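Here the structure comes first, spelled out in structure tokens, and everything after it is commentary.
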Amino acid sequence: QVRLEESGGGLVQPGGSLRLSCVASGSIESMWYMAWSREAPGKQREFIASINNDGSTKYSDSMKGHFTIFRGSDKNTLFLQMTNLQPDDTGIYYCYSQIGSFTHWGQGTQVTVSS
């Protein structure tokens, strides 16, 4: 079992930046990879980016250059650096990890981009 807890969301003006964090606890050594996704109001949850244990990353084409995923040196913490945020980036941002066939999800953190 893995427990994931996100933080760092909030209200930001258009053009602003935010850094989200996700702290993992439990069987973190069993995680295949960690990732971020988001759910905008009225839309399906969409993939943002993932990072493997070897540090290799994968991004959604629409998010590349706009978001950066990275892990802390202790490997327990996942980050998502978001720049030039726009109103359509508003949504709930979720951290998740994969262990075998099971996906573990955090509770999500709200990001609102508005002037």
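The values are calculated or read from the model by the stated rules, or taken from the named source; none is laboratory data. Computed from a prediction, not measured in an experiment: that's the story for all the values here. Heads up, the Cβs are rebuilt from the backbone with ideal geometry, glycines too, and the neighbour counts pull from every protein chain shown. We work out accessible area using only protein heavy atoms, side chains counted, and drop any ligands, DNA or RNA first. Shrake-Rupley method; radii C 1.70, N 1.55, O 1.52, S 1.80 Å.
Looking across the stretch 82-115, the residues that are open to solvent by 40 Å² or more (accessible area, probe 1.4 Å), assigned to a strand (DSSP E or B) and of a type outside the set (A, V, I, L, M, F, W, C) come down to T103, Q110, T112. Each residue in the stretch 61-70 was checked for being modelled with pLDDT of 95 or more and either in a loop (DSSP other than H, G, I, E, B) or crowded, with 18+ Cβ neighbours inside 10 Å (or both), and 2 pass. Against the list (1) modelled with pLDDT of 95 or more; (2) farther than 22 Å from V113 by Cβ; (3) open to solvent by less than 40 Å² (accessible area, probe 1.4 Å), the condition T57 fails is (3).
Among the residues examined, I99 qualifies as over 15 Å from the mean Cα position of the chain (by Cα), closer than 23 Å to D54 by Cβ and of a type in the set (A, V, I, L, M). Restricting the stretch 1-33 to residues that are modelled with pLDDT of 95 or more, assigned to a loop (DSSP other than H, G, I, E, B) and open to solvent by 40 Å² or more (accessible area, probe 1.4 Å), the residue that is nearest to W105 (Cα to Cα) is S17. Residues of the stretch 63-108 being acidic (D, E) and under 11 Å from R38 (Cβ atoms), which ones? If the condition is that a residue be acidic (D, E) and under 11 Å from R38 (Cβ atoms), then D88, D89 are the ones that fit.
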